[in-house]
Every structure is written in C-alpha cells, then in structure tokens.
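Heads up: the structure comes next, in structure tokens.
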Amino acid sequence: MNLLKIIDKNVFSEDLKTINLDKKTIINTINPHSFCVSKSDLLFKEALLESDVLLPDGTGIVLAAKFLRGKVIKKIAGADIHKYLLEHAEKEKKKVFYLGAAPSTLKLIKAKIKKEYPNIVVGSYSPPYKPEFSEEDSIKMIEEANNFGPDILFVGMTAPKQEKWVSLNKKKLDATITVSIGAVFDFYAGTVERSSAIWISIGLEWLPRLLKEPKRLWRRNFVSTPLFLWYLLKAKVSTN
C-alpha cells in the first residue's frame, strides 16, 4: 500500500454531510497501525482500498496528509461516524443493526439507544468469538442482518477481521450503509471507557488506552507507530 496514493485518492477529506446515505456504501477507517498491518495482509489492504469512504481515524493519518501534501483534513474516529449515523437514523426513523460483540454488550447498546434515540429500530447478533468464521458462521450472520432489514449495519469484530469479512460478504449484505467500527461497540455500551475529550483534542487519545491495556495495545504503539513514521519519511523523500 502506497501512503501517498492513500492520502491522494482514498482518505476521506470532506464533511460527513457530503456522504450520500441513500446509496449503498461501505465505510471503513484507517490509522497508522491499520496502514502498517495492511502492508503484509493483502485481503485487508484490498478491503481498505475498496472502501467507498475511508475515514482518517488517527492523528498520524491527519499529520501525514499535512506533511506530504499540505492537506488539512479532520480526524474522524469510529465513534464520530457512529454518532453521526445514529443522529441521522433518529431523524429519519431508520433501522440499525449491530453485528459483533458479546450478547451482554449488545443488550447495553440496545438499552442506551432506546433511551437516547427512541425513533431508531435496533437489532443485533453476536457471532461466535473465533479468529476466523466458517462458511456456516457467515451464512448465519448474513441471515440475521438481512432478515432484520437494516438501513445501517454496524460491524464490530476488531480490525482487520471485520473489514475483511465485510469485503468478502458485501454483495450478500442488504444494508444501505455498512460501517466497521471495532471498539466503538464497547465504548458506546460503556464496557470500555473511551479517552476523555482533552486527550482526543490534543491527538493523544491512544495514550490512556495504552496505559489501561498495555498487553493488547503495545504493538500498535511501539511497533506500528515507528514503522509508520519510516513509511512517512520514505514517502516524503519520494516527493522531492
């Protein structure tokens, strides 16, 4: 994956209001860690590049756009697109489906939406917790989603599994908008606390999360971040 091409052709740089929510659309996010993972995961790379909307969910991507092309873009996290789509669904009385997470988490999500967005009809399904899904698993997941008939399908099964699954099955999914948002299921349910607005505003949303979950997040911060900086400098040299 070429960082310059990603910045020039793929990364979303407009206002969310410009997205046509009445057209079948696949929305994914990219950050320095996912960029680095995609370098060695071909299916994940294809899933990101084939996105109809690829949101810059990472300060590193925002800085790369500025550093490489002088482009000023806004970071749009998974939680941001989730909130935006829920507000749209509330206004238009849409149907929303959550695919992923534990049943207990989905129950909390449903209860919160019922309170905050009473006009939304919400459904959910918790797929088996495993590294890869069997064909039977995927058939069941697709059936659960399609039988509900959602306008918006939120997929939360961690990256890169969620993006790859959507890419492989997108032609079978009937939802108008399909968006992979990973940890946002837990953030919204309250089972995992998102970093405070202060950390988010200064571009360090990752730091409190790293301190809370060092075993799970050390690789993306201490391996992927330096590697991304190397790719960034390499891309900069190629433009000179």
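Among the residues of the range 1-49, what is the count of those that are farther than 26 Å from LYS94 by Cα, in contact with a Leu (Cβ under 9 Å, 6 or more places away or on another chain) and of a type in the set (S, T, N, Q)?
Going through the range 1-49 one residue at a time, the tally reaches 3.
Give just the number: which of (1) closer than 15 Å to LEU153 by Cα; (2) without any contact (Cβ under 8 Å) to a residue 60 or more places away in the chain does PRO118 not satisfy?
(1)
SER124 - would you say it is at pLDDT 95 or above, polar (S, T, N, Q) and touching a Leu at 6+ places or on another chain (Cβ under 9 Å)? Please lay out each step first, then the result.
Working: at pLDDT 95 or above: yes; polar (S, T, N, Q): yes; touching a Leu at 6+ places or on another chain (Cβ under 9 Å): yes.
Against the criterion (at pLDDT 95 or above, polar (S, T, N, Q) and touching a Leu at 6+ places or on another chain (Cβ under 9 Å)), SER124 qualifies.
Could you please find all residues in the range 134-186 being of a type in the set (A, V, I, L, M) and over 15 Å from THR25 (Cα atoms)?
Initially, the range 134-186 is screened for residues of a type in the set (A, V, I, L, M), giving 139, 141-142, 145, 152-153, 155, 157, 159, 166, 168, 173, 175, 177, 179, 181, 183-184.
Those that are of a type in the set (A, V, I, L, M) and over 15 Å from THR25 (Cα atoms): ILE139, MET141, ILE142, ALA145, MET157, ALA159, ALA183, VAL184.
Considering only residues that are closer than 21 Å to PHE154 by Cβ and modelled with pLDDT under 95, which ones fall in the range 52-74?
As a first pass, look at the range 52-74 and keep what is closer than 21 Å to PHE154 by Cβ: 52-58.
Residues satisfying the conditions are ASP57, GLY58.
Conditions (1) closer than 12 Å to THR178 by Cα; (2) among the aliphatic types (A, V, I, L, M); (3) in contact with a Cys (Cβ under 7 Å, 6 or more places away or on another chain), marked per residue:
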residue: PRO103; (1), (2), (3): no, no, no
residue: LEU106; (1), (2), (3): no, yes, no
residue: GLY123; (1), (2), (3): no, no, no
residue: PRO127; (1), (2), (3): no, no, no
residue: LYS130; (1), (2), (3): no, no, no
residue: LYS140; (1), (2), (3): no, no, no
residue: VAL155; (1), (2), (3): yes, yes, no
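Residues to consider are LEU48, LEU99, LEU63, LEU42; find the one that is of a type in the set (A, V, I, L, M, F, W, C) and out of contact with any helix residue (DSSP H, G or I) (no Cβ under 9 Å at 6 or more places or on another chain). Spell out how you get there, then give the answer.
Values: LEU48 fails: out of contact with any helix residue (DSSP H, G or I) (no Cβ under 9 Å at 6 or more places or on another chain); LEU99 fails: out of contact with any helix residue (DSSP H, G or I) (no Cβ under 9 Å at 6 or more places or on another chain); LEU63 fails: out of contact with any helix residue (DSSP H, G or I) (no Cβ under 9 Å at 6 or more places or on another chain).
After ruling out the rest, the residue left standing is LEU42.
Among all residue pairs at least 6 apart or on different chains, which show Cβ distances below 6 Å where the first residue, located in the range 172-199, is modelled with pLDDT of 95 or more and the second is charged (D, E, K, R) and not in a loop (DSSP other than H, G, I, E, B)?
Every condition considered, the pairs that remain are SER180/GLU163.
Run down LYS93, LYS23 and say which single residue is modelled with pLDDT of 95 or more and on the phi > 0 side of the Ramachandran plot. Show your work before the answer.
Numbers: LYS23 fails: on the phi > 0 side of the Ramachandran plot.
Among LYS93, LYS23, only LYS93 is modelled with pLDDT of 95 or more and on the phi > 0 side of the Ramachandran plot.
Among ALA102, ALA65, which is the only one that is in contact (Cβ under 8 Å) with a residue 24 or more places away in the chain, surrounded by fewer than 23 Cβ atoms within 10 Å (Cβ to Cβ) and farther than 24 Å from ASN146 by Cα? Please lay out each step first, then the result.
Numbers: ALA102 fails: farther than 24 Å from ASN146 by Cα.
Residue meeting the stated conditions: ALA65.
What is the one condition in (1) in contact (Cβ under 8 Å) with a residue 60 or more places away in the chain; (2) surrounded by fewer than 20 Cβ atoms within 10 Å (Cβ to Cβ); (3) over 25 Å from ASP15 (Cα atoms) that HIS88 does not satisfy?
So HIS88 meets the others, but not (3).
Out of everything in the range 129-158 that is modelled with pLDDT under 95 and not hydrophobic (A, V, I, L, M, F, W, C), what residue ends up being surrounded by the fewest Cβ atoms within 10 Å (Cβ to Cβ)?
PRO131
For the range 11-69, give me every one of the helices (runs of 4 or more DSSP H) that falls completely inside it and has 1 or more residues that are farther than 28 Å from GLU132 by Cβ. Show your work before the answer.
Values: elements: 32-38, 42-49, 59-69.
The qualifying helices (runs of 4 or more DSSP H) are 59-69.
The values are calculated or read from the model by the stated rules, or taken from the named source; none is laboratory data. Nothing here was measured: the structure is a model prediction, and the numbers come from that model. Backbone-built Cβ (ideal geometry, glycine too); neighbour counts: all protein chains shown.
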